[in-house]
Every structure is written in structure tokens, then in C-alpha cells.
Amino acid sequence: MSTSVLVTDLQEPRRAPADPHAERRLRSMVDKYFAFIWRCLQRNGTPEADIDDVLQRVFLTASRRLAEIRPGAERSFLLATAMREAGHVRRSYRRRGEVTPEALNDKSTGALRPDELAHRRRALERVSLVLDAMDDELRAVFVLCDVEELSSQEVSQALGIPVGTVKSRLRRARLDFAARAQGVSAPVSQS
């Protein structure tokens, strides 16, 4: 086998000219679902430092598989892809024994008093602790149903599980969240 044949085989295949319809569809998906997918990644335990990278991988996957995505099922596809990618990131942190550098950046306009901001920060820390301790499957259903307010049918399609499983996990997740929230002590306020 000659090296010229090997080099030719390793080169990236030529792409067909871009389909303007596909480009418009992908642009529409990004415009419509970018913020939603970002929030889902954040609320499902993706470290802040990795959210942009995971978002990029989600939309790159969508661009490569655009022909496979049924019209009307874009959100479900993106959500399912995002959940898989977020799981990969969380598992890689666990495997490497790294601690995620989560910063609770206050996006306030400054209208709240400092004590109110501190109270909110403590509450967010408690909720984050509870969510981080939950099983990934339960947390995903809990966040999508109770935080993002998706229907059981939408969550079922997005995660690729039966509606009954969504409802069962949601019931267990709510109980788990409540039990864990009871166990998380309130930070001691200094007076």
C-alpha cells in the first residue's frame, strides 16, 4: 500500500454543498432552544465552566444528525443529547476525582439589600447541595418537570423513557428532594 493511498484515505471526505434549508433549520433550533438547553444543563449539574463546551457539542451533534431529527421533535432531541453530554461531563469529573468549581454568580441588578442577597445565596447553595446529592435519573426528571415545567409526555420523549416511568421517577424524586432538603441544615447566620 503506497503512502499516497493512505494519505488520501485519511483525508476528510469532501462535503456536499451546504443545504440552505438545513442551515435555516439549525439556526432556528439554536435561536429557539439555546437558553432552554443552557438552563437544563446548569440545573442538571453541569459545572459552570463546562456549560459552553457542552452546549457546543449538543448543537454540533444536532447539525451532524439534522436529517434524522423529525420536524417538531427538535427540543426533545436537543434535550436528550444535552442530558447525555452532561452525564459524560459529570462522570468524567467523578472519575478524575475533581471538584466542580461552582460559583453562584448573583445576576441581581442591585435592587435587593445585602442581607436579602445573602439569604438567597444560602438558599441556592442548599438547593444545589440537595440536587447534587440526588440520583442523576431522578434529578433530570425533577428538574425538567418541576423547574422547567415540561409535561410528563415531553420529558418522556426527551429522555426516551415511558410516561409511566417519568411519573414514577417524579414521585420518587419529589420525596427524595423533600427528605434531602430536611437533612440539609440551614447555614448559621451571623448577627
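The values are calculated or read from the model by the stated rules, or taken from the named source; none is laboratory data. This is a predicted model, so every value here is computed, not measured. In this analysis, Cβ positions are derived from the backbone assuming ideal geometry, glycine residues included, and neighbour counts consider all displayed protein chains.
Is it true that some residue in region 72-92 is touching a residue at least 40 places away in the same chain (Cβ under 8 Å), assigned to a loop (DSSP other than H, G, I, E, B) and within 19 Å of LYS32 (Cα to Cα)? Scanning region 72-92 turns up at least one residue that is touching a residue at least 40 places away in the same chain (Cβ under 8 Å), assigned to a loop (DSSP other than H, G, I, E, B) and within 19 Å of LYS32 (Cα to Cα). Would region 75-82 turn up any residue that is surrounded by fewer than 14 Cβ atoms within 10 Å (Cβ to Cβ) and of a type outside the set (S, T, N, Q)? No: zero hits. Here region 41-62 is the region considered, the condition is being of a type in the set (S, T, N, Q) and surrounded by 14 or more Cβ atoms within 10 Å (Cβ to Cβ), and the residue that is farthest from VAL143 (Cα to Cα) is THR61. Can you confirm whether LYS107 is outside the structural domain of PHE36 (by TED's automatic domain parsing) and at pLDDT below 85? The answer is yes for LYS107. Among residues of region 112-126 that are surrounded by 13 or more Cβ atoms within 10 Å (Cβ to Cβ), those with a beta-carbon under 8 Å from a residue that is among the aliphatic types (A, V, I, L, M) and part of a helix (DSSP H, G or I) at least six positions away or on a different chain give the pairs ARG126/ALA181.
With respect to GLN157, determine if the residue is surrounded by 18 or more Cβ atoms within 10 Å (Cβ to Cβ), among the polar types (S, T, N, Q) and under 19 Å from the mean Cα position of the chain (by Cα). For GLN157, the condition - surrounded by 18 or more Cβ atoms within 10 Å (Cβ to Cβ), among the polar types (S, T, N, Q) and under 19 Å from the mean Cα position of the chain (by Cα) - is met. Would you check if there is a residue in region 41-53 being assigned to a loop (DSSP other than H, G, I, E, B) and basic (Lys, Arg)? The answer is no, given that none of the residues of region 41-53 is assigned to a loop (DSSP other than H, G, I, E, B) and basic (Lys, Arg).
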